[in-house]
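The values are calculated or read from the model by the stated rules, or taken from the named source; none is laboratory data. A quick note: this is a predicted structure, and the numbers were derived from the prediction, not measured. Heads up, the Cβs are rebuilt from the backbone with ideal geometry, glycines too, and the neighbour counts pull from every protein chain shown. When the accessible area is computed, the model is the full protein with side chains, heavy atoms only, and any ligands, DNA or RNA have been set aside. Shrake-Rupley method; radii C 1.70, N 1.55, O 1.52, S 1.80 Å.
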Amino acid sequence: MKKSSQTSLSLFVQHFGPAEPKHLTRAPGRVNLIGEHTDYNGLPVFPMALQRGVSILFAERDDATVRLANLDRQFPACSFELSDDIEPDAPGAWANYVKAAAQALCRRHGSLQGFDGVVSSDLPVAAGLSSSSALTVAAALSLLHRNDIHMEPLELMELVARGERYVGTEGGGMDQAICLGGRPNTALKIDFEPPPLRLNPTPVPSDWQFVVAHSMVRAEKSGAARDTYNQRGAECRDALRRMTERLPEAAGASRYADLMALVSLKTLVAAADSVLEDPQRQRFRHVITEADRVEKAREAMVAGDIEVFGRLMCESHESLRNDYEVSCKSLDELVDIAMSSGAKGARLTGAGLGGCIVALCAAEQTTALVEALSREFYAPRNVSDPQAEHLIIAEPSGGASVIRL
Ligand code: GLA
């Protein structure tokens with residue numbers, strides 16, 4: 001057993017007595033390579049699962065109670081009863097991500113039995129690497145396993161994504177889909193429209209390296225960043241409605257995907273200038289140009305064209321900074337350092353407003369890039385070993401699973 005599971009085991013015994021936990025669920029975090037703030041607009045994304053994630057070491061219970069302790073002391077232990085109407089904790093509480101999965105599964109499958117578990121994670125929290133969705137997925141898989149229920153992965157991806165809206169964030173389906181569907185050495189283009197969602201696995205060239213660097217600015221998905229996130233969604237819906245009302249070629253389109261199938265990108269960008277005002281015009285422009293970049297980026301990865309992929313990442317960052325207005329000073333600084341230290345491209349990843357950037361370099365440039373980020377960004381902030389916490393050399397990894405110990 002690894003050191004972390006031993007610590008989980010002693011915390012388990014401390015909280016729940018000597019009953020033996022026999023199951024371990026592991027759900028990975030993810031880094032989104034391109035396609036940001038597109039998923040909740042029904043447009044594609046292109047993430048990969050990470051080698052880091054959230055684990056739940058658990059023992060089955062014979063009643064409807066779920067009790068959880070967390071190895072990270074900032075998260076207090078919690079306990080609740082499984083039902084199709086579970087009272088949420090205060091906004092921002094970590095237990096809500098577990099309750100989200102539990103309520104969604106009870107609504108789908110009726111009454112369920114619970115478990116006692118210890119949660120641990122080696123993902124930075126509020127960093128845009130989807131630690132919260134990894135927790136939701138880990139809780140869902142643990143419950144399914146406890147109750148001997150099999151669900152098809154695509155159905156589960158959609159159920160958990162919808163279920164997670166319980167926490168009050170009107171998210172799309174990217175995080176849950178990649179967490180469940182991740183594959184080693186592979187990035188996944190995910191298409192949402194028309195449903196059901198589709199996964200398009202694309203091998204990551206072995207001579208490419210993605211490096212993830214934390215801005216050390218927290219972006220709480222169900223905290224302060226939530227209102228901005230939901231507001232962006234509302235602005236995008238408003239922009240779509242106005243465009244479809246005013247553009248004769250777009251008559252009948254009710255979704256971004258329909259609009260982009262009917263009208264060229266160039267025409268849409270030009271039409272937005274006359275139909276919309278800022279900020280709707282900016283949000284609209286980001287969303288449609290970003291969706292266009294996703295397919296181009298996938299093609300560049302297939303062709304092994306690192307220059308084109310990198311350029312698209314930089315365009316994405318610019319669009320997120322200027323049009324979507326979700327960057328911040330530290331994220332821009334990290335992107336600038338990466339780009340002047342051998343990266344082919346760099347951009348904020350995840351919802352933004354803090355969290356991480358992802359940079360792409362040729363594998364042989366990795367050490368130089370990591371050293372430059374350490375020296376120029378982390379050393380002035382008194383972080384002596386950034387790779388312990390803030391810098392991740394990303395390994396495209398497999399999806400969530402449960403094992404019997
Ligand atoms: C968060 C959400 C995702 C997605 C990203 C932005 O991570 O959970 O669904 O919208 O923001 O691309």
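Structure values in brief
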read-out: Filtered residue count, region 160-201, keeping only those that are surrounded by 17 or more Cβ atoms within 10 Å (Cβ to Cβ) and in contact with a Phe, Trp or Tyr (Cβ under 8 Å, 6 or more places away or on another chain); value: 10
read-out: Helices (runs of 4 or more DSSP H) contained entirely in region 321-402, each with at least 2 residues that are modelled with pLDDT of 95 or more and touching a Phe, Trp or Tyr at 6+ places or on another chain (Cβ under 9 Å); value: 329-339
read-out: So S120, is it farther than 21 Å from L11 by Cβ and at pLDDT 95 or above; value: no
read-out: Strands (runs of 3 or more DSSP E) contained entirely in region 163-224, each with at least 3 residues that are over 14 Å from the mean Cα position of the chain (by Cα); value: 198-203, 208-214
read-out: So R246, is it more than 18 Å from S133 (Cα to Cα), charged (D, E, K, R) and either open to solvent by less than 30 Å² (accessible area, probe 1.4 Å) or away from the ligand (no atom under 14 Å from the Cβ) (or both); value: yes
read-out: Residue check for V66: more than 16 Å from the ligand (Cβ to nearest atom), of a type in the set (A, V, I, L, M, F, W, C), outside any loop (DSSP other than H, G, I, E, B) and buried (at least 22 other Cβ atoms within 10 Å of the Cβ); value: yes
read-out: Residue match in region 291-307 (condition: among the basic types (K, R) and touching a strand residue (DSSP E or B) at 6+ places or on another chain (Cβ under 7 Å)); value: yes
read-out: Residues of region 249-273 that turn out to be without any contact (Cβ under 8 Å) to a residue 40 or more places away in the chain, closer than 17 Å to E235 by Cα and either surrounded by fewer than 17 Cβ atoms within 10 Å (Cβ to Cβ) or polar (S, T, N, Q) (or both), as a count; value: 3
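Rundown of residues vs (1) within 16 Å of the ligand (Cβ to nearest atom); (2) of a type outside the set (S, T, N, Q); (3) part of a strand (DSSP E or B), yes/no style:
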{"site": "H37", "(1), (2), (3)": "yes, yes, no"}
{"site": "A49", "(1), (2), (3)": "yes, yes, yes"}
{"site": "L57", "(1), (2), (3)": "no, yes, yes"}
{"site": "D62", "(1), (2), (3)": "no, yes, no"}
{"site": "Y97", "(1), (2), (3)": "yes, yes, no"}
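One line per residue, one yes/no per condition, for (1) modelled with pLDDT of 95 or more; (2) of a type outside the set (K, R); (3) touching a Leu at 6+ places or on another chain (Cβ under 7 Å); (4) within 15 Å of the ligand (Cβ to nearest atom):
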| site | (1), (2), (3), (4) |
| --- | --- |
| D175 | yes, yes, no, yes |
| T186 | yes, yes, no, no |
| I190 | yes, yes, yes, yes |
| P196 | no, yes, yes, no |
| N200 | yes, yes, yes, no |
| V204 | yes, yes, no, no |
| F210 | yes, yes, yes, no |
| A219 | no, yes, yes, yes |
